[in-house]
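Structure first, then comments.
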Amino acid sequence: MSQRTSTTGRLEADRLASSSEAAGGGGGVAMTAMVADYYAGKNVLITGGTGFMGKVLVEKLLRSCPGVKALYLLVRPKASQSVEQRLSDMVKGKLFARVREEDPDFHQKIIAVSSELTQPGLALSPQDVEMLCGCINIVFHCAATIRFDAPLKQALQLNVIATMQLLGLARKMQHLEAFIHVSTAYANCQLHHIDEVIYPPPVEPTKLIDSLSWMEDSIVEDITPRLIGDRPNTYTYTKALAEYAVQQEQEHLHIGIIRPSIVGASWQEPFPGWIDNFNGPSGVFIAAGKGLLRTMRANNNAVADLIPVDVVINLTLSAGWYTAVHRPKTAMVYNCTTGGINPFHWGEIEYHVMNTFKTNPLEQAFRRPNANITSNYLINQYWMLVSHRCPAFLYDMYLRLSGQKPTMMRIFNRLHKAIGLLEYFSNQDWEWKSDNMSMLLNQLTVEDRKTFNFDVRQLNWPEYIENYCIGTKKYVLNEEMSDIPVAQKHLRKLRNIRYTFNTLLLIFIWRVFIARSQMAHNIWYFVSVVGEPIVTSACTLYSYCSEHLQQFLPLQRLKWDYGQT
């Protein structure tokens, strides 16, 4: 039933699109902007506005839709900061540098509304409820817990109950034109092929909420694996329930659902490589660049379905415009992914991440960047022992002997937990259908396609991964690019230490275990006497090939960059 209604909505949207083009007012023919013009004079409500995606949404609206009237952000007050102080600190960040130059008074359009999503009624005051119901034109619901291992009750509260309460508030809004819900492409990850439809939920959300309300946390923890079934975690499970809850309001609201895959650093806007957190691949990249991460369990040939955050936001704003203007009768779903359009694989990501961090190293690296990806569980466990736990143990022993507090083993335990949560997504492929995303792109004018670009066919992956890695250095770790020579010198020092250690280890093994055996003497004789001509010939052949095949290297590099190898 859900699949049929969602498909009907897509067909209706296509019909409206065709009629719009026939009338000469849409498609890719017109040159004038439509999306930015729609947001002019509008009041927008945003949840999760202080989070990673929410901040990019706020910045993009203010910069590319300068006519927007006001942005109302639901913000949770902290013990040490008011909601106004939190917003003030947010808009002072590097992310808002461009909009700050273009409009120094842009912050006056941002209105903080004190709210707590875990509380009844979202902890909104009666005055704020009345204000929001009387002025809001469009809602972007971005707030959610992104912890994969969050307890089920907590994930249910933030991802489902808060969404249901926000929908109840939206039904009271007198001038609401669109409700856009940000979900995840992995809400139905138990399936291999995922269409742009809302699938039947694993359980009725209200029944689950009522059942868990009286249970002790320990009981809920015990039954969680049975409840989530073949889904990997509570995050994907509750996001599927939230989609169903949103769909139930499609008779009363005009709804769009955005399903991004693994959201990463910005591609183009407001500048390449912007990122502000350690979540997801960012933490993995940083750990690899620091030399902490030496092995990771992933399928080299599996598609790494990363999606730049600015692509997600451009699609979200375009979907808001389309939903408000065309008013589809059923919820429209947009799978915002790259794997089916412009695929890139985990093995390729490993190559480009390592190359980038060797050229632009992070400061004070623990070891030289040199991570390896394997899909074999036993091999991965071996390398974790040899390359992670043993060095961490030795370093902590050194810290204890020098009177310092041991920390490295704890860091590696946290790292293993983080990459363990990603293994489910890095070892398999999914097929996402993206017809609605393509349809929406075709509905934009030429100018809107430039301003709100979400055409991932244009994404150059090697360049994006390089900017992503440099972005973690500049914006997450706050390291200066001018300090790269010092960091490179540190890497050379680490290389010399490794060579010295390996040489001493080899001498030790030789003297203790090998030198006393007759077989070892025979091997040494073969290598030094018989093997010399072979080594000489091999070196000569290598020199010849290097000299005569140099002309083909640019071609091979080009093939690698475009994923043709």
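The values are calculated or read from the model by the stated rules, or taken from the named source; none is laboratory data. Keep in mind that what you see is a predicted model, and the values were worked out from it rather than measured. Counting neighbours? That spans all protein chains shown, and the Cβs are built from the backbone with ideal geometry, glycine included. Protein only, heavy atoms only, side chains kept; ligands, DNA and RNA dropped before computing areas. Shrake-Rupley method; radii C 1.70, N 1.55, O 1.52, S 1.80 Å.
Quick notes
- Between His252 and Gln127, the simple label model (points 7 Å from Cα in the Cβ direction) yields a spacing of 2.7 nm.
- Here segment 273-425 is treated with +1 on each Lys and Arg Cβ and -1 on each Asp and Glu Cβ, and its dipole about the Cα centre works out to around 520 debye.
- Amide H contacts of Thr295: Asn372, each under 5 Å away and 5 or more positions distant or on a separate chain (H built 1.01 Å from N in the peptide plane; Pro and chain starts excluded).
- Phi angles across segment 154-160 convert, under the Karplus curve 6.51 cos²θ - 1.76 cosθ + 1.60 with θ = phi - 60°, into 3J(HN,Hα) values of 5, 5, 5, 5, 7, 8, 10 Hz, Gly and Pro given as x.
- For Arg367, Arg226, Arg231, the ranking by accessible surface with the largest value first comes to Arg226, Arg367, Arg231, using a 1.4 Å probe.
- Taken over segment 180-235, the percentage of Cα pairs per 5 Å bin, counting from 0 up to the bin with the maximum distance, is 4, 15, 23, 25, 17, 11, 5, 1.
- Space enclosed by the convex hull of the alpha-carbon atoms of segment 55-122, per residue, Å³: 90 Å³
- Segment 180-318, accessible area per residue, ligands and nucleic acids excluded (1.4 Å, Å²): 33 Å²
- Ser438 paired with Met215, simple spin-label distance in nm, labels 7 Å along Cα-to-beta-carbon: 4.2 nm
- Scalar couplings 3J(HN,Hα) for segment 63-68, obtained by applying the Karplus form with A = 6.51, B = -1.76, C = 1.60 to θ = phi - 60°, are 7, 9, 10, x, x, 4 Hz; x denotes Gly and Pro.
- Sorted largest first by accessible area at a 1.4 angstrom probe radius, with every protein chain in place, the residues Trp214, Trp383, Trp461 fall in the order Trp214, Trp383, Trp461.
- Segment 138-212: relative contact order in percent, alpha carbon pairs under 8 Å with at least 6 residues between: 42 percent
- Accessible carbon and sulfur surface of segment 211-252 relative to its total accessible area, %, 1.4 Å: 45 percent
- Exposure check, 1.4 Å probe, all protein chains in place: Cys390 carries approximately 60 Å² of accessible surface.
- Extension gain, Arg327-Met481: 0.36 nm per intervening residue step, less the Cα-Cα distance, totals 50.6 nm.
- For segment 438-511: accessible area per residue (Å², 1.4 Å): 57 Å²
- Counting only Cβ charges, +1 for Lys and Arg and -1 for Asp and Glu, the dipole size of segment 190-289 around its Cα centre is about 260 debye.
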